[in-house]
Amino acid sequence: MAQPETSSAADTRMVALDNGLVIVVREDHSAPVVSAQAWAKTGSVHEGEWLGAGLSHILEHMLFKGTETRELGRIEQEVQEAGGYMNAYTSFDRTVYYIDAPNDGATVAIDILCDIMQNATLPEDELAKELDVIRREIDMGHDDPGRRASRRLFEVAYTTSPYRHTVIGYPDVFALLQRDDIVGYYRARYTPANMFFVVVGDVDAEVVIDQIGKAFADNKAKPQPPLLLPAEPRQTAAREVIEEDAIQLGHLHFSWHVPDVRH
């Protein structure tokens, strides 16, 4: 009985384009599927003067809504026709968009990701709808004891670091955002040198690298201004916060500061 092919480090390629974009491809031919991911090296801690507004999370909601060549609904249609699944998530220091599909949908999946990372239109009508969705998410987060406990954990664990702020944003800061602020953040942070692509599955690495390289051929290198994050003072004593409310189950969170991985 034949054994399935296995993937090894030798099957992984990593290249950096002249504009700074990094591409990582790992061939794995054990199943006829592919996962294509576009990582933007920007999250809630990188929002500068809009820290606490949730700009990164807003873009997560908006990038699949259309581009200069794909009208509203077209991206979802293409992914479905390819038999794929698309989603995204936002964290403190990254925003990730991904499409999983059969191997014959790899070209479409990669093309869509290259498109949204460069040419998203952030349509005004859809933006208004998504902002309402996010407002409800913020409200639900305040009503959910588990999420509240998690938020308190970060507020107590950090005193000066932007990691103490919620990823989704605070209602009062979120409410001040205008579309121009969101577009400006997208253009400033979604630059080739501030993102990378990861493609894993039943693909030819050379073909993938060539496709992404051509898609970004006209996107020249842009300087990314340094964003200095305040250093977190060393914690010298235990901290705690207790919040009481009329809920049936208690939520207990612990955390410890550990040395940096580069320590």
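The values are calculated or read from the model by the stated rules, or taken from the named source; none is laboratory data. Remember, predicted model here, so these are calculated numbers, not experimental data. Note that we place each Cβ from the backbone using ideal geometry, even for glycine, and neighbour counts take in every protein chain shown.
Values computed for the structure shown
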quantity	calculated
Filter pass, ASP100 being assigned to a helix (DSSP H, G or I) and among the acidic types (Asp, Glu)	no
Residue within the range 87-99 that is in contact with a strand residue (DSSP E or B) (Cβ under 6 Å, 6 or more places away or on another chain), among the aromatic types (Phe, Trp, Tyr), farther than 20 Å from GLY169 by Cβ and exposed (fewer than 15 other Cβ atoms within 10 Å of the Cβ) present	no
Answer from ARG135, ARG94, ARG151, ARG147 - the residue that is of a type in the set (Lys, Arg), under 24 Å from ASP181 (Cβ atoms), at pLDDT below 95 and touching a helix residue (DSSP H, G or I) at 6+ places or on another chain (Cβ under 9 Å)	ARG151
Single unsatisfied condition, THR160 versus (1) surrounded by fewer than 19 Cβ atoms within 10 Å (Cβ to Cβ); (2) assigned to a helix (DSSP H, G or I)	(2)
The range 13-49, residues that are outside any loop (DSSP other than H, G, I, E, B) and of a type in the set (Gly, Ala, Ser)	ALA16, SER35, ALA36, ALA38, ALA40, SER44, GLY48
Scan of the range 19-48 for residues that are of a type in the set (Gly, Ala, Ser) and under 15 Å from TYR190 (Cβ atoms), ordered by number	GLY20, ALA38, ALA40, GLY43, GLY48
Single match in LYS214, LYS222 (criterion: modelled with pLDDT under 95 and not small (Gly, Ala, Ser))	LYS222
Tally, over the range 207-238, of residues that are surrounded by 12 or more Cβ atoms within 10 Å (Cβ to Cβ), touching a residue at least 12 places away in the same chain (Cβ under 8 Å) and out of contact with any Phe, Trp or Tyr (no Cβ under 8 Å at 6 or more places or on another chain)	13
Residue count for the range 212-249, restricted to those that are among the small types (Gly, Ala, Ser) and more than 15 Å from ALA157 (Cβ to Cβ)	5
